[in-house]
Amino acid sequence: MGVGSWVVRAVLAAQVPEGAPAVLHTQREVYVRLYQRLGFAAVDVCDVLPGNKQVGFTNWAMVKV
């Protein structure tokens with residue numbers, strides 16, 4: 001298990017009650033796979049300020065139930 005996986009699991013164990021959903025947002029596509037391996041599913045993907053390469057980005061909303 002990598003450091004990122006360890007941190008996410010530790011935060012979930014400490015902060016999210018058993019059976020409660022956890023929600024997160026990421027703007028880094030490279031992290032989407034990490035969160036999917038930890039049981040999160042992308043429920044929405046949207047481009048924020050599309051066409052503006054200086055400040056625009058993609059946002060993934062993810063939920064773990």
* **Some residue of segment 14-26 being among the small types (Gly, Ala, Ser), in a loop (DSSP other than H, G, I, E, B) and exposed (fewer than 13 other Cβ atoms within 10 Å of the Cβ)** => yes
* To do: Kindly establish whether Arg9 is of a type in the set (D, E, K, R), surrounded by 11 or more Cβ atoms within 10 Å (Cβ to Cβ) and either without any contact (Cβ under 8 Å) to a residue 60 or more places away in the chain or in contact with a Gly (Cβ under 9 Å, 6 or more places away or on another chain) (or both).
  => yes
* Can you tell me which residue among Arg33, Arg9, Arg37 is among the charged types (D, E, K, R) and more than 24 Å from Phe57 (Cβ to Cβ)? => Arg9
* Structure fact -> Filter segment 3-23 for residues that are touching a helix residue (DSSP H, G or I) at 6+ places or on another chain (Cβ under 8 Å) and among the hydrophobic types (A, V, I, L, M, F, W, C); the one that is modelled with the highest pLDDT is Ala22
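Quick grid of which residues meet (1) within 9 Å of the chain's Cα centre (by Cα); (2) of a type in the set (A, V, I, L, M); (3) modelled with pLDDT of 95 or more:
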position: Met1; (1), (2), (3): no, yes, no
position: His25; (1), (2), (3): yes, no, yes
position: Tyr35; (1), (2), (3): yes, no, yes
position: Ala41; (1), (2), (3): yes, yes, yes
position: Pro50; (1), (2), (3): no, no, no
position: Gln54; (1), (2), (3): no, no, no
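The values are calculated or read from the model by the stated rules, or taken from the named source; none is laboratory data. This structure is a prediction, so every number in the text was calculated from the model and none was measured. Cβ: placed from backbone, ideal geometry, glycine included. Neighbour counts: every protein chain shown.
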